[in-house]
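Student: Can you read through this structure? Questions will come right after.
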Amino acid sequence: MTTRPVEALIVGAGIAGLAAALALHRAGIRAQVFEAVDDIRALGVGINLLPHSVKELWSLGLKDALEETAILTSTLRFHSKHGKPIWSEPRGYDAGYPWPQYSIHRGALQRVLLEAARARLGDDAVVSGHALSAFEQDGDGVTAHFIHRKSGRQQTSRRADVLIGADGLMSSVRAAFYPDEGNPVYSGQMLWRGVVEWDPIFDGRSCVMIGHNDLKAVIYPISETARRRGRAQINWVAERRLPGSLPPNQADWNRRGDPADFVDAFRDWRFDWLDVPALFAATDAVYEFPMVDRNPVSRWSFGRVTLIGDAAHAMRPNGSNGASQAILDGIALADALADATSLGSIESALTAYETTRLEPTAKLTLDNRETGPERVLQMVEDRCPNGFDDIYDHFARDELAEIAERYKKLAGFHRDTLLQPLVQPRDQRTPPPAVQPSAQPPLQPSPKAGERP
């Protein structure tokens, strides 16, 4: 092993790539991030960050910047297709965690991470207009080759000790090792999403899930700025089962949607606490994309190259774990590379990272195919499709709570687990300086997929 600092190339400037860059920097590892698009903009709609990932973001000094924009989620609520409450549970602070659950605009989260990366790693730490075209490795490092996607011109090749594929669902790094994998796995369900300003729902900090597996709405606020002025910037998801094959044009998966394709299915969803059709109708821009994931694979790390985030374990949004698991990947990878000397080599460090993260995320991916904690909605539909007077006429008192507790343990954010002391507490590290939020114009929804509560 050389005594010079380890250097890493990261492909993809999304949540996974930027979080990994910050974690690597904290560990004393030089990282540079390469993004295919020319202009890295604050795109997307809403996502949720669970307490175990929030804990790690706080350790990176991002607490103040995040809480300037994110909602501190209070409650997760499940309602039947008739709007009747099934079950609810507190979340984050309200559930006794020392860390909150955040509901946040994906673009706002990416902006916080991007500003922190540029401030700490330097203005040249995130390079746009560089799409990975090929790479090769030897015993001493990895050489990555890039092109400008629009013009096709060759960009300068870069060399480092390790290459990290954080390039998402359609990862070119993953495709190099799994060339025959093909399209993601289609669930048979189409999602439509939008963001609209609305009156606060319940306490203004609740995530609400309505319906069942074949027809569902997921609704939650994502803007602390709006909440402070008595309003709610609502992120909504309409989900409808549309059996068939995956849409053939991959570039159009995240495309503008036509409300006529789904609004009529929700026409009767007018409740005393929310008029769902009116919420849809008030939204200017609607986007659609299929609910997909990737089959778990047996390896992420190949020599000096590894995968993180959706490139490693793209999962369905049930349970809101995609972004959280990507952040945990970055932390675990930085920890492993920081220990590369004691482990003997960078290759051994990447294998150690994979050993830590591969099995838990594979189990979570498969559980999300069974709709994760949202399975309670289908259970209600199966047992009482015509409605109910008292949900406990159909369920044992602790049955619904046990489903939620099991999923928290599987996903790694059960409160008892997070409160257990670690052998080497990461929180004992000196955190980097907090990143202060910068003034930005309101974020607009755009065709990017997100996660659910």
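Student: Nothing charged except the Cβ atoms of Lys and Arg (+1) and of Asp and Glu (-1): what's the magnitude of the dipole of the range 251-299 about its Cα centre? Round to the nearest 20 debye.
Tutor: 340 debye
Student: Among 63/363; 84/216; 55/409, which pairs are too far apart, with a Cα-Cα distance over 21 Å?
Tutor: Beyond 21 Å between Cα atoms: 63/363.
Student: How big is the gap, in Å, between the Cα center of the range 135-188 and the Cα center of the range 275-302?
Tutor: That distance is 23 Å.
Student: Something else about it: Which value in nm describes the separation of the simple spin-label points at residue 118 and residue 154, placed 7 Å from the Cα toward the beta carbon?
Tutor: 3.0 nm
Student: Let me ask something additional. Sort the range 1-49 into rounded, prolate or oblate with this rule: let a ≥ b ≥ c be the square roots of the eigenvalues of the Cα gyration tensor; rounded if a/c is under 1.5, and if a/c is not under 1.5, prolate when a/b is larger than b/c, oblate otherwise.
Tutor: Oblate, since a/c reaches 1.5 and b/c is not below a/b.
Student: How far is the Cα center of the range 15-50 from the Cα center of the range 351-367, in Å?
Tutor: 21 Å
Student: Here's another thing I want to ask about it. If we sort 17-28, 201-212 on the protection proxy, mean other Cβ atoms within 10 Å, highest first, what's the order?
Tutor: 17-28, 201-212
Student: When ligands, DNA and RNA are left out and all protein chains stay put, how many square angstrom of accessible area per residue does the chain have with a 1.4 Å probe?
Tutor: 41 Å²
Student: Using a simple charge model, +1 on the beta-carbon of Lys and Arg, -1 on the beta-carbon of Asp and Glu, nothing else, what dipole does the range 276-344 show about its Cα centre, in debye to the nearest 20?
Tutor: 240 debye
Student: Can you tell me the orientation of helix 346-368 relative to the chain, as the angle in degrees between its alpha-carbon axis and the longest Cα principal axis, to the nearest 10?
Tutor: The helix 346-368 is inclined about 10 degrees to the chain.
Student: Follow-up question, since we're still on this one. Calculate what fraction, in whole %, of the accessible area of the range 1-123 sits on carbon and sulfur atoms when a 1.4 Å probe is rolled over the protein chains.
Tutor: The C+S portion of the solvent-accessible surface of the range 1-123 is 48 percent.
Student: Follow-up. If I model a spin label at residue 185 and residue 392 as a point 7 Å from the Cα along the Cα→Cβ vector, what separation in nanometres do I get?
Tutor: With each label point 7 Å from Cα toward Cβ, the separation is 3.8 nm.
Student: Picking from 50, 62, 75, whose Cα lies most toward the positive end of the charge dipole for the range 28-116 (charges on Cβ: Lys, Arg +1; Asp, Glu -1)?
Tutor: 75
Student: Could I ask something else about it? Rounded, prolate or oblate, given the Cα gyration tensor of the chain, with a/c below 1.5 counting as rounded?
Tutor: prolate
Student: For the chain, give the share of DSSP beta bridges that are antiparallel, in percent and rounded to the nearest 5; count only bridges with both residues there.
Tutor: Taking every DSSP beta bridge within the chain, about 75 percent pair in antiparallel fashion.
Student: Around residue 65, what is the net charge, scoring Lys/Arg as +1 and Asp/Glu as -1 over all other residues with Cβ under 10 Å from its Cβ?
Tutor: Residues close to residue 65 contribute a combined charge of -2.
Student: To continue, here is another question. I'd like to know which of 213, 187, 202 lies farthest towards the positive end of the charge dipole of the range 183-266, counting +1 on Cβ of Lys and Arg and -1 on Cβ of Asp and Glu.
Tutor: Sorting the options by dipole projection puts first 202.
Student: Same structure again: Quick one: which residues, 5 or more positions from residue 126 or on another chain, have an amide H under 5 Å from its amide H? H modelled 1.01 Å from N in the peptide plane, none for Pro or chain starts.
Tutor: Long-range HN contacts for residue 126: 33.
Student: Nearest 0.05, what FRET efficiency do residue 38 and residue 242 give at R0 = 35 Å with Cβ-Cβ as r?
Tutor: Given R0 = 35 Å and the Cβ-Cβ separation, E is 0.55.
Student: Can you give the charge dipole size of the chain about its Cα centre, rounded to the nearest 20 debye, using +1 on the beta carbon of Lys and Arg and -1 on the beta carbon of Asp and Glu?
Tutor: My answer is approximately 680 debye.
Student: I've got another one for you. Among all the lysines, which ones have a C-alpha under 25 Å from residue 150's C-alpha, if same-chain residues fewer than 8 places away are not counted?
Tutor: In chain and number order, the partners are 448.
Student: A further question follows. Under 8 Å for C-alpha pairs, at least 6 residues apart: give me the relative contact order for the range 88-237, rounded to a whole percent.
Tutor: 15 percent
Student: Highest mean first, what order results for 156-168, 89-101 on Cβ atoms within 10 Å?
Tutor: 156-168, 89-101
Student: Can you give me the angle between helix 106-121 and the longest principal axis of the chain, using Cα atoms only, in degrees from 0 to 90, rounded to the nearest 10?
Tutor: Approximately 20 degrees, to the nearest 10.
Student: Take the Cα radius of gyration of the range 284-380 and divide it by 2.2 N^0.38 Å, with N its residue count; two decimals is plenty.
Tutor: With N residues counted in the range 284-380, Rg over 2.2 N^0.38 Å equals 1.27.
Student: Also, I was wondering about something else. Ranked highest first by the average count of other Cβ atoms within 10 Å around their residues, in what order do 261-268, 103-110 fall?
Tutor: 103-110, 261-268
The values are calculated or read from the model by the stated rules, or taken from the named source; none is laboratory data. Keep in mind that what you see is a predicted model, and the values were worked out from it rather than measured. Because the Cβ atoms are built from the backbone with ideal geometry, glycine has one as well, and the counts that use them run over all protein chains shown. Accessible surface areas use protein heavy atoms only, side chains included; no ligands, DNA or RNA. Shrake-Rupley method; radii C 1.70, N 1.55, O 1.52, S 1.80 Å.
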